[in-house]
Amino acid sequence: QKNGVSNGTLYKKTFIEHFEQAPMYVAVLTFLGFGVGTVFGYLRDFMRAWGLEKRNVAAEREEQKDFVPLYQDFENFYTRNLYMRIRDNWNRPICSVPGPQFDLMERVTDDYNWTFRFTGRTIKNVINMGSYNYLGFAETDVNALKTVTIELQKYGTGICSTRQEMGTLDKHVELEKLVAKFLGVEDAMVFGMGFATNSMNIPALVGKGCLILSDELNHTSLVLGARLSGATIRIFKHNNMQSLETLLRDAIVYGQPRSRRAWRKIIILVEGIYSMEGSIVRLPELVTLKKKYKAYLYLDEAHSIGAVGATGRGVVEYFGMSPDDIDVLMGTFTKSFGAAGGYIAGKKDLVDFLRTHSHSAVYATSMCPPVAEQIIRAMKCLMGLDGTTQGLQRVRQLGKNTRYFRRRLHEMGFIIYGNDDSPVVPLLLYMPGKIGAFARRMLEKNIGVVVVGFPATPITESRARFCVSAAHTREMLDTVLNALDELGDFLHLKYSRYSKSSHPELYEETRLE
Amino acid sequence: MDIKHVKDYIYWLYYQYLLITCSYVLEPWEQSMFHTITVTVFAMVVYTAYVFIPIHVRLAFEFFSQIFGGQPESTV
């Protein structure tokens, strides 16, 4: 349940991750809940098919009934019958900046979530525990956004071109130099969209005859990029270096499947922080493996750049390693920098290659200038180049908030996944009935949370995912924690067997004799 | 206040039942149907237990006492 230091010399600080399993009855009851939902789903489908109930899903026109069916009904069984019943907890429109608090548009449904209508009222000052606003740069303070407004008036918002045609502005060059300096690498390239950075650049780096070793829980953008590239993909267990080593050895010993030739390239795709689990990649072991077997490493720091590390430079700094060890450093500006877009950084040869060969550079519109300026100002703030220590304060505040939040949740007895230092905190709910109940009750208490269920997580492990931000004050966190305490008792969510409250004698911290 | 505590506790139990069986997400008529079926099944289980378990326990007790006690037990 707790992973201690496996190789004492590689890790400079203790690496503690929690993946506690709930008692067996919880899994049984979860399946029971899904079973009941499925039975009623079949009943409703039967009623819909025989005309006893109005059909709300898409259907072909009468004239097309003899054609090949356009809508495969059974594939949407889960969406139609289970997701639709609790759909009001997702896609909630907000009408203010997603800072530590935000305003929600109130909406009600008359026909059990098939349609919504807005009442016109807004719910004000809902505490935001779902936005990836790790350093609090999503703000509307006029002083902070001064340079952004100037750039907006100078450049406007449209670029109307791709990087290779007329879309490379001096702002992009300035931003790329700043990103390279921030990360400590030779060069960087920025793209307009974070998802597209992964899915459009991996095909440029690998092709047929190459091998991709990808973590089990990688993000869809990495999976899509890997599939688009045409390379062979093999999956290793989540964060499990033994599994990866076995795959590497097999790849090198046996080569390509039929011809037994050596692989042209072996590339390992991992993420810095996995957003559904809150776990941090085991980078030191990974780098030793990569050097031993001569593979390449692609590190997607979407959630970890800005959020971990002593000065916010990501997992590379968190483990005290040098960025030269990692071949391709990728990240997004959506999470910690309050902007949009992604970057790829590394050696100059790599970035020059991508400037000519990436699909995103050739076809996708480049980043718009005010957004680039927002990233520049956020990065300068983080690096201290604007003359204040605000950046460092934000990173430290995030670290404090994360540790406080996780410690209190553990003490209360919830099951929390992930590393103790990751600002992404998944709280396990397990049963499908509790997903809807939890989100609705938290909204009644004026706290907005993100709950995740089946297709995005394994079927028994639905969860609520909290994203701690540097902009959250201690009072806001306390409000949320008290609400969670109450709700945990009311919904019976405190499954942990290792909470301090149940075994106080095992957790004596200081003995002042 | 005691009645209120008891009522709250019973409501809490009912709510847990709704959450665990995922009938919290069902529409009201589906919930009524589900409750009817559950209560019927539960009543049948209780009735069967009431009718059969004492007889089985008594027979089992007699069987085991026959093995461990003495052989010459007169049978009617």
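What does segment A:383-446 give for Rg and for Dmax, in Å, if only its C-alpha atoms count?
Rg and Dmax of segment A:383-446, Cα atoms, are 16.2, 51 Å.
For chain A, with the dipole built from +1 on Lys and Arg beta-carbon atoms and -1 on Asp and Glu ones, taken about the Cα centre, which of A:Pro323, A:Ser496, A:Leu289 lies farthest toward the positive end?
A:Leu289
Run the 1.4 Å probe and let me know the accessible area of A:Thr365, rounded to the nearest 10 Å².
A:Thr365 exposes around 80 Å² with every protein chain in place.
Per q in 0.20, 0.25 Å⁻¹, report the Debye log10 I(q)/I(0) for segment A:290-356, using one uniform scatterer on each alpha carbon and no solvent.
-0.85, -1.14
Report the charge-dipole magnitude of the protein assembly as shown in Debye, nearest 20, computed about the Cα centre from +1 at each Lys and Arg Cβ and -1 at each Asp and Glu Cβ.
1060 debye
Under a point-charge model restricted to the Cβ atoms of Lys and Arg (+1) and Asp and Glu (-1), what is the dipole moment magnitude of segment A:78-125 relative to its Cα centre, in debye to the nearest 20?
Approximately 80 debye in magnitude.
Ignoring ligands and nucleic acids, what accessible area does A:Thr109 show with a 1.4 Å probe (Å², nearest 10)?
That residue has around 50 Å² of solvent-accessible surface.
Quote the convex hull volume per residue of segment A:69-111, based on C-alpha atoms, as a whole number of Å³.
It is 124 Å³ per residue.
Quick one: grab the alpha carbon gyration tensor of segment B:3-67, order the square roots of its eigenvalues as a ≥ b ≥ c, and give me rounded if a/c is under 1.5, else prolate or oblate depending on whether a/b is larger than b/c.
Because a/c hits 1.5 or more and a/b exceeds b/c, segment B:3-67 counts as prolate.
Relative contact order for chain A: what is it in percent, counting Cα pairs under 8 Å that are at least 6 residues apart?
19 percent
Tally the DSSP beta bridges in the protein assembly as shown and give the antiparallel ones as a percent, rounded to 5.
Expressed as a percentage, antiparallel bridges in the protein assembly as shown total about 60.
How high is the FRET efficiency from A:Arg234 to A:Asn446, r the C-beta distance, R0 51 Å, rounded to 0.05?
The computed FRET efficiency comes out at 0.65.
Using only the Cα atoms of segment A:76-148, what are the Rg and Dmax in Å?
Cα radius of gyration and Dmax of segment A:76-148 are 16.1, 51 Å respectively.
How large is log10 I(q)/I(0) at q = 0.12, 0.17, 0.19 Å⁻¹ when the Debye formula is applied to the Cα atoms of segment A:126-234, each weighted equally and without solvent?
Debye output, listed in q order: -0.67, -1.12, -1.21.
What's the FRET efficiency of A:Arg407 with A:Thr14 using the Cβ-Cβ distance as r and R₀ = 22 Å, to the nearest 0.05?
The pair A:Arg407/A:Thr14 has a calculated efficiency of 0.90.
From largest accessible area down, sort B:Asp2, A:Asp325; use a 1.4 Å probe on the protein chains.
Largest accessible area first, the list is B:Asp2, A:Asp325.
Segment A:185-274: which trypsin sites (Lys or Arg not before Pro) are DSSP loop and have at most 10 other beta-carbon atoms within 10 angstrom?
A:Lys208, A:Arg258, A:Arg260, A:Arg261
Can you tell me the dipole magnitude for segment A:82-241 around its Cα centre, using point charges on the Cβ only (Lys, Arg +1; Asp, Glu -1), in Debye to the nearest 20?
The dipole magnitude comes to about 360 debye.
Could you work out the per residue convex hull volume over the alpha carbons of segment A:1-149, in cubic angstrom?
293 Å³
So what's the protein assembly as shown giving for Rg/Rh, alpha carbon basis, Kirkwood Rh from the mean inverse pair distance?
When Rh is taken as the Kirkwood radius, the ratio is 1.04.
Could you work out the percent of alpha carbon pairs in segment A:142-383 separated by over 34 Å, rounded to a whole number?
Every Cα pair in segment A:142-383 considered, those over 34 Å come to 15 percent.
So, R0 is 22 Å and r is the distance between the beta-carbons of B:Ala60 and B:Thr40; what FRET efficiency does that work out to, to 0.05?
After rounding, the FRET efficiency stands at 0.15.
Got a sec? What order do A:Ser322, A:Ser422 fall in by accessible area at 1.4 Å, biggest, i.e. largest, first?
Listed by decreasing accessible area, they come as A:Ser322, A:Ser422.
Give me the percent relative contact order of segment A:260-386, please, defined on Cα pairs under 8 angstrom at least 6 residues apart.
Relative contact order comes out at 18 percent.
Can you give the log10 of the normalised intensity I(q)/I(0) at q = 0.16 Å⁻¹, computed with Debye over equal Cα scatterers of segment A:30-110?
-0.81
On a full-extension model of 0.36 nm per residue, what is the gain between A:Phe74 and A:Phe454, subtracting their alpha-carbon distance, rounded to one decimal in nm?
Going from the current span to full extension adds 135.1 nm.
Which lysines, on any chain, are close to A:Lys237 with Cα under 18 Å apart, when same-chain ones fewer than 8 places away are left out?
Excluding near neighbours in sequence, the set is A:Lys2, A:Lys290.
The values are calculated or read from the model by the stated rules, or taken from the named source; none is laboratory data. Since this is a predicted model, take the numbers as computed values, not measurements. Because the Cβ atoms are built from the backbone with ideal geometry, glycine has one as well, and the counts that use them run over all protein chains shown. To get the accessible areas, we keep the full protein, side chains included, count just its heavy atoms, and leave off ligands, DNA and RNA. Shrake-Rupley method; radii C 1.70, N 1.55, O 1.52, S 1.80 Å.
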